[in-house]
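The values are calculated or read from the model by the stated rules, or taken from the named source; none is laboratory data. Nothing here was measured: the structure is a model prediction, and the numbers come from that model. FYI the Cβ positions are ideal-geometry reconstructions off the backbone, even for glycines, and counts take in every protein chain you see. When the accessible area is computed, the model is the full protein with side chains, heavy atoms only, and any ligands, DNA or RNA have been set aside. Shrake-Rupley method; radii C 1.70, N 1.55, O 1.52, S 1.80 Å.
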Amino acid sequence: MNDERPTDTTDPWEAEMSREFDHRVRHLHEAPLTFDHVKGKAMTIRRNRRIAVAGGILAAAAVIVPVAVLAGDGLGRTDGRNDFATTTPSPSRATDTNAPTPSEPPAGTLGISYLEGTTWHRADGTTVELAQRYDGGTTLGDDLLAVGNDNGRLSVDVIEPDGTVVESFDTLSYPVANPDHTTVAYVAPGGDLTTRWEGGGAAMSSGLADGDTVAAVTGGPDCNEEVDGCRVFLNHGDGSAPEAADSHGVVDVVIPGAVRINDVSSDGPVAAQTSFSDTGSCSAVYDEAAGENVFETCDFSFVGFAPDGAHLSGTDAYRDGFGQGWVVILDATTGDEVARWEATDGAATDWVWEDDSHLLIQAYEQGEWRIHRLGVDGSTEQVLASSEGDDLTPVFTLLGGA
Amino acid sequence: MQLAARPRHETGRMGSKARARDEEFTAYLHARQPSLLRTAYLLTGDRNQAEDVLQTSLAKLYLAWDKVRDRDSVDAYVRRIMVNENNSLWRRGWKKREFATDELPDREVRDAYDEGANDALWQVVQTLPAKARAVVVLRYYEQMSEAETADVLGISVGTVKSQCSRALSALRERVPADLNPRHREEDR
């Protein structure tokens, strides 16, 4: 990292620029703003923020924000996911006044929220019956953001823990949450990169296209620069370099030459695909602060960091169409394989971190859908199974969060 | 969203605390405003927009004053907001003139200052994208290191390097060759 100041340089253009800037302003000594000028403007800004929050309106923010990987996005779901829906969403998504109350919690089986058919299983063990099947989603705080895919048209229902649909909105991309599920980001119709958190939201950037997707969110919950700030990582559908948008209004290429961002650790490292071909791909974990790769590999493709950033899930560098025959857990600092799960007469279609040490894997094997738990110590166990559905219609949807 | 009115017995204590806070902020305003205005002018290239950017940035600082004033550098926080505000100007549809035509209120000193070369340089700087312009202003006016610039802007050092490199390349390409500072050095 270069700590030299421009005065240390011998480049005449750098010196000339310094000189020109100094000359342009050397006689500007004014202080035109009084305290009342500043405070009056501050009060206006504060009023506008309150109106935006109270009205549920997403206020346009001057700053740009990062993205978090959506639980369940392990196989590039956001860029060409097959439509597995067996039911079409009902035309009306009005609040269901007859929403059933949550049932008594059975013994908890997964440590994260997941869907099984039309049942929302929450991490606390309670279950909520939903009015319809959904194709994916995530959680934001205690709420479920359930995604419906109607022939490529995506929509989101915001569902409270009692099953009430409190809001619906359209989206061009699947919402992605930050690691603690306190902020989500998505591309809204019209191309605004939109974030939301409990009690607020902001448009972080604009001009995105249909096909652009959110890869990861870090920071939050409040993405305003003067509160928490956040950073949203984007993959572009046109193949241009992935970018990150932060709370200061800066949108920048994350990794020169990267093809796609898979995930971003809460500690900072970025897991990205660096190249691909007909026979495979190469990937790297990149340290932005250092400006260099932590490690590279053409043996694995990456999916997601564990919550503590110590491990990284992955699979074959060559992705087959239906699913993957094996899933690995890698040491996130060395790239060494520490655990592996292999399918029995089938393939894995999705996997999500349950906690720092366990990965939940959904697979279709021997005619049924199963959830397996793979530990960083190499332990494996089958947790759930269902013979419902067929090999193209996953029964379970792993959400992450509460 | 309604805010509950503060109980009357708390008003007096909050009043003196708020006064102290405002006095502290006012002292900062008096001490740092001229310097911040100069930076805002270099970022925007326009005096009116500079004042607007500065006013909004200081207002946001005021709202965050209790959190920010304990940081090592309040100026860095304000610069970051100013860069962001300037970046957002185009989204509001502001028309930015290509060249700075505003006259600075005071006279420029005429010494060995080469009007021809530096006017050309200034014009090139003003055509830089807002983000790139922010990087070169912090580097070459504020004299920050690449690491400090990256930290203020919340970007990587690599981005700082690339933005500066592109700006310098633009100067080399677009400023007439006979005004190249390297040639003028050789002529001396």
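Inspect the range A:18-40 for any residue being at pLDDT below 75, assigned to a helix (DSSP H, G or I) and closer than 30 Å to residue A:195 by Cβ and give the result as yes or no.
No, every residue in the range A:18-40 fails to be at pLDDT below 75, assigned to a helix (DSSP H, G or I) and closer than 30 Å to residue A:195 by Cβ.
Test residue A:316 against the stated conditions and say whether it is in contact with a strand residue (DSSP E or B) (Cβ under 9 Å, 6 or more places away or on another chain) and over 27 Å from residue A:399 (Cα atoms).
no
Mind checking which pairs have a first residue in the range A:138-149 that is charged (D, E, K, R) and a second that is open to solvent by 30 Å² or more (accessible area, probe 1.4 Å) and part of a loop (DSSP other than H, G, I, E, B), Cβ under 8 Å, 6 or more apart or different chains?
Note: pairs meeting the criteria are A:142/A:160; A:142/A:161; A:142/A:402; A:143/A:160; A:143/A:161.
Within the range A:250-266, identify whether any single residue is in contact (Cβ under 8 Å) with a residue 40 or more places away in the chain, within 14 Å of chain B (Cβ to nearest Cβ) and either in contact with a Cys (Cβ under 9 Å, 6 or more places away or on another chain) or open to solvent by 20 Å² or more (accessible area, probe 1.4 Å) (or both), and answer yes or no.
There is at least one residue in the range A:250-266 that is in contact (Cβ under 8 Å) with a residue 40 or more places away in the chain, within 14 Å of chain B (Cβ to nearest Cβ) and either in contact with a Cys (Cβ under 9 Å, 6 or more places away or on another chain) or open to solvent by 20 Å² or more (accessible area, probe 1.4 Å) (or both).
Identify, please: which residue in the range A:236-249 is open to solvent by 10 Å² or more (accessible area, probe 1.4 Å) and more than 8 Å from chain B (Cβ to nearest Cβ) and is, among those, nearest to residue B:78 (Cα to Cα)?
Filtering the range A:236-249 for residues that are open to solvent by 10 Å² or more (accessible area, probe 1.4 Å) and more than 8 Å from chain B (Cβ to nearest Cβ), the one nearest to residue B:78 (Cα to Cα) comes out as A:243.
Return yes or no: is residue A:146 farther than 25 Å from residue A:245 by Cβ and in a strand (DSSP E or B)?
Yes.
How many of the residues making up the range A:25-41 are more than 7 Å from every other protein chain (Cβ to nearest Cβ) and open to solvent by 40 Å² or more (accessible area, probe 1.4 Å)?
Matching residues across the range A:25-41 total 3.
When residue A:249 is evaluated against the numbered criteria (1) of a type in the set (Gly, Ala, Ser); (2) out of contact with any helix residue (DSSP H, G or I) (no Cβ under 9 Å at 6 or more places or on another chain); (3) under 23 Å from residue B:129 (Cα atoms), which criterion, by number, is the only one it fails?
(2)
Per-residue answers, yes or no, for (1) over 22 Å from the mean Cα position of the chain (by Cα); (2) open to solvent by 50 Å² or more (accessible area, probe 1.4 Å); (3) hydrophobic (A, V, I, L, M, F, W, C):
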position	(1), (2), (3)
A:282	no, no, yes
A:295	yes, no, yes
A:298	yes, yes, yes
A:301	no, no, no
A:311	no, no, no
A:333	no, yes, no
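Restricting to the range A:162-204, what's the tally of residues that are open to solvent by less than 40 Å² (accessible area, probe 1.4 Å) and in contact with a Ser or Thr (Cβ under 9 Å, 6 or more places away or on another chain)?
28
Okay, residues lined up against (1) modelled with pLDDT under 90; (2) of a type in the set (Lys, Arg); (3) surrounded by 17 or more Cβ atoms within 10 Å (Cβ to Cβ):
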site	(1), (2), (3)
A:339	no, no, yes
A:343	no, no, yes
A:357	no, no, yes
A:366	yes, no, no
A:372	no, no, yes
A:381	no, no, no
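Just to check your reading of the model, which residue among B:110, B:166 is at pLDDT below 75, open to solvent by 20 Å² or more (accessible area, probe 1.4 Å) and charged (D, E, K, R)?
B:110
Among the candidates B:43, B:89, B:61, B:36, which residue alone is more than 7 Å from chain A (Cβ to nearest Cβ), open to solvent by less than 50 Å² (accessible area, probe 1.4 Å) and at pLDDT below 75?
Being more than 7 Å from chain A (Cβ to nearest Cβ), open to solvent by less than 50 Å² (accessible area, probe 1.4 Å) and at pLDDT below 75 holds for just one of B:43, B:89, B:61, B:36, which is B:89.
From the residues in the range B:138-163 that are facing chain A (nearest Cβ under 7 Å) and in a helix (DSSP H, G or I), which one is most open to solvent (accessible area, probe 1.4 Å)?
Among those residues, the one meeting the criterion is B:158.
Inside the range B:170-180, can you point out the residues that are open to solvent by 40 Å² or more (accessible area, probe 1.4 Å) and either of a type in the set (Lys, Arg) or assigned to a helix (DSSP H, G or I) (or both)?
B:172, B:173, B:174, B:177, B:178
Taking interchain pairs and intrachain pairs at least six residues apart, which have beta carbon atoms under 9 angstrom, with the first residue in the range B:131-146 and under 15 Å from residue B:76 (Cα atoms) and the second at pLDDT 90 or above and part of a loop (DSSP other than H, G, I, E, B)?
B:138/B:144; B:139/B:145
How about the range A:134-156: which of its residues are touching a strand residue (DSSP E or B) at 6+ places or on another chain (Cβ under 8 Å), among the charged types (D, E, K, R) and under 23 Å from residue A:351 (Cα atoms)?
Hits for the range A:134-156 are A:135, A:143.
Within the range A:292-306, track down each residue that is touching a residue at least 12 places away in the same chain (Cβ under 8 Å) and either not in a loop (DSSP other than H, G, I, E, B) or not charged (D, E, K, R) (or both).
Passing the criteria: A:294, A:295, A:296, A:297, A:298, A:300, A:301, A:302, A:303, A:304, A:305, A:306.
Taking the range A:114-147 as the search range and keeping residues that are small (Gly, Ala, Ser) and surrounded by fewer than 23 Cβ atoms within 10 Å (Cβ to Cβ), which one is farthest from residue A:190 (Cα to Cα)?
A:125
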